[in-house]
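The values are calculated or read from the model by the stated rules, or taken from the named source; none is laboratory data. Note that the structure is predicted; figures quoted are calculated from it, not measured. We place every Cβ from the backbone using ideal geometry, glycine too, and count neighbours over all the protein chains shown.
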Amino acid sequence: MLEIRRLCKSYEGRQVLSPVSFVLPPGQCLGLAGHNGSGKSTLLRLIAQIEKGDGGDILYGGRSVLGNRQFLRKMLGYAPQSPGLAQELTVYQQLALWQAACGASGPLPGDLLDLLGLEPLLKKPIRALSGGMAQRVSIALALLSRPKILLMDEAASGLDQGYVPRLLEWLEEYVAGGGSLIWCSHHPEELERLCGAVLRLEDGKAVL
């Protein structure tokens with residue numbers, strides 16, 4: 001079980017995320033909603049430990065996982081709103097490097113390549129990809145370690161529309177199989193379809 005305890009963040013003295021707490025059990029999806037700048041992406045970056053919070057803790061299975069690289073690489077997958085990919089690598093190299101960093105070996109998983117239509121792109125350099133293609137690679141990186149927890153920040157927004165239904169269906173199966181998902185979206189229909197509960201942020205504060 002993932003437990004978030006009073007995570008908060010300020011930039012240059014301005015608080016952009018007030019202390020936020022929640023619990024996410026296995027087999028559940030929590031939606032994140034709110035206008036741009038409300039703190040949704042900041043909260044996900046803190047949970048993914050891309051940024052360091054000013055306070056609070058992140059627990060998994062009752063233990064703090066702050067600074068725990070094994071947890072971040074094997075248990076948690078994160079798809080940011082803007083893909084942060086290595087432009088000089090090919091798609092295959094990007095995926096293979098992350099797979100190795102997660103402690104896995106062997107060929108890239110064919111089911112994920114099929115899900116996101118990546119087989120024809122493997123030899124392409126990242127710099128030659130369209131925005132939608134890059135988003136598919138970013139999502140694949142999040143799923144590659146078969147994580148127990150997924151953080152998806154507007155994952156469908158930049159995705160080629162033909163891939164949105166299959167991703168949503170995959171995520172439904174992921175949650176039904178015991179995965180924990182945080183789904184950030186501006187689209188009420190996605191939140192209603194995937195999420196058992198929705199946390200709404202306004203100006204960095206959680207509201208009912």
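Residue pairs, Cβ under 6 Å, 6 or more apart or interchain, first in the stretch 189-208 and within 10 Å of LYS40 (Cα to Cα), second basic (Lys, Arg) and at pLDDT 95 or above. List them.
LEU201/LYS40
Any idea which of (1) assigned to a strand (DSSP E or B); (2) more than 28 Å from GLN70 (Cα to Cα); (3) at pLDDT 95 or above is the one ALA206 doesn't satisfy?
Failing condition for ALA206: (3).
Does SER185 meet the test of being under 24 Å from ALA104 (Cα atoms) and out of contact with any Ser or Thr (no Cβ under 6 Å at 6 or more places or on another chain)?
It is false that SER185 is under 24 Å from ALA104 (Cα atoms) and out of contact with any Ser or Thr (no Cβ under 6 Å at 6 or more places or on another chain).
Confirm whether SER105 is of a type outside the set (D, E, K, R) and within 29 Å of LEU7 (Cβ to Cβ).
Answer is no for this residue.
So, in the stretch 122-139, exactly how many residues are among the basic types (Lys, Arg) and within 17 Å of TRP98 (Cβ to Cβ)?
Of the residues in that region, 2 qualify.
For residues in the stretch 125-134 being in a helix (DSSP H, G or I) and buried (at least 18 other Cβ atoms within 10 Å of the Cβ), which is nearest to the chain's Cα centre (by Cα)?
Filtering first and then ranking leaves ALA134.
Within the bounds of the stretch 135-149, is there any residue that is in a helix (DSSP H, G or I) and touching a Ser or Thr at 6+ places or on another chain (Cβ under 8 Å)?
no
Against the conditions (1) buried (at least 20 other Cβ atoms within 10 Å of the Cβ); (2) without any contact (Cβ under 8 Å) to a residue 24 or more places away in the chain, where does VAL20 fall short? Just the number, please.
Single failed check for VAL20: (2).
Quick check: is even one residue across the stretch 89-104 without any contact (Cβ under 8 Å) to a residue 60 or more places away in the chain, among the polar types (S, T, N, Q) and over 20 Å from GLN135 (Cα atoms)?
no
How many residues does the stretch 23-66 hold that are among the basic types (Lys, Arg) and surrounded by 15 or more Cβ atoms within 10 Å (Cβ to Cβ)?
2
Can you find a residue that is free of Cβ contacts under 8 Å to residues at least 12 places away in the same chain and within 19 Å of SER185 (Cβ to Cβ) anywhere in the stretch 137-154?
no
Please work out which one of (1) out of contact with any Ser or Thr (no Cβ under 7 Å at 6 or more places or on another chain); (2) buried (at least 16 other Cβ atoms within 10 Å of the Cβ) is the condition ALA79 fails and give its number.
With respect to (1) out of contact with any Ser or Thr (no Cβ under 7 Å at 6 or more places or on another chain); (2) buried (at least 16 other Cβ atoms within 10 Å of the Cβ), ALA79 is out only on (1).
Quick check: is even one residue across the stretch 159-177 closer than 17 Å to LEU113 by Cα, of a type in the set (Gly, Ala, Ser) and either in contact with a Lys or Arg (Cβ under 6 Å, 6 or more places away or on another chain) or surrounded by fewer than 21 Cβ atoms within 10 Å (Cβ to Cβ) (or both)?
Yes, the stretch 159-177 contains a residue that is closer than 17 Å to LEU113 by Cα, of a type in the set (Gly, Ala, Ser) and either in contact with a Lys or Arg (Cβ under 6 Å, 6 or more places away or on another chain) or surrounded by fewer than 21 Cβ atoms within 10 Å (Cβ to Cβ) (or both).
Kindly establish whether LEU122 is crowded, with 20+ Cβ neighbours inside 10 Å, touching a residue at least 24 places away in the same chain (Cβ under 8 Å) and of a type outside the set (Ser, Thr, Tyr).
no
If we scan the stretch 89-101, do we find a residue that is on the phi > 0 side of the Ramachandran plot and either surrounded by fewer than 18 Cβ atoms within 10 Å (Cβ to Cβ) or out of contact with any Cys (no Cβ under 9 Å at 6 or more places or on another chain) (or both)?
no
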